[in-house]
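Scroll down for the structure; my scribbles are underneath it.
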Amino acid sequence: MSVRLRVGLLAGVDPALLASAYPLVAAGTCAEGSSLVIDAVPVQVRCRRCQQLSAAEPNRLTCRGCGDSQTEVVGGTELLLESVQLNLSCTPGQKSEPTPV
Ligand SMILES: [Zn+2]
């Protein structure tokens, strides 16, 4: 069983924190014991001046072509559930509900 996520570096989610919290959230559900796979998506920007697409750091969104800071973020903000593989023999609700945090 596995759950696969695509997490942009600008999504506001800390992948390490997400990975450490996942087993706690999955406990008592059909996802208990499953593994969480996180695909980190790099930041990409489009320059408003020279229109070039370039990779960028989350804390430095300047154009690699001309160095201009007038850029538009076109990648790296996504938080997508890419795929879920679960054990179909699991009956939801059979176990107790997880304690709300
Ligand atoms: Zn540029």
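What follows is calculated from the coordinates using simple rules that are stated; it is not laboratory data. All of these numbers come straight from a predicted model, not from anything done at the bench. Here the Cβ is made from the backbone with ideal geometry for all residues, glycine too, and neighbour counts use every protein chain on show.
Indicate the gyration tensor shape class of the chain (rounded, prolate or oblate), computed on the Cα atoms with a ≥ b ≥ c the square roots of the eigenvalues: a/c under 1.5 is rounded; otherwise a/b larger than b/c is prolate and the rest oblate. If you can, show how the numbers build up before the last one.
On the way: a/c = 4.40, a/b = 3.11, b/c = 1.41.
Cα axes put the chain in the prolate bin.
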- 5 angstrom amide H check on Thr71, placed H, neighbours 5+ away: Arg48
- Work from the charge dipole of the stretch 1-72 (Cβ charges, +1 for Lys and Arg, -1 for Asp and Glu, about the Cα centre) and give the residue of Gly33, Gln44, Cys63 farthest towards its positive end. Cys63
- Return the long-range amide H neighbours of Leu5 (sequence gap of 5 or more, or a different chain), with a cut-off of under 5 Å between placed amide H atoms. Val37, Ile38, Asp39, Glu82
- Task: Give the percent of DSSP beta bridges with both residues in the chain that are antiparallel, rounded to the nearest 5.
- Result: 70 percent
- Round to the nearest 10 and give me the degree value, 0 to 90, for the angle of helix 15-26's Cα axis relative to the longest principal axis of the chain. 20 degrees
- Message: Output wanted: per-residue J couplings in Hz (rounded whole) for the stretch 71-79, from phi through Karplus 6.51 cos²θ - 1.76 cosθ + 1.60, θ = phi - 60°, x for Gly and Pro.
- Response: 10, 10, 6, 10, x, x, 9, 6, 9
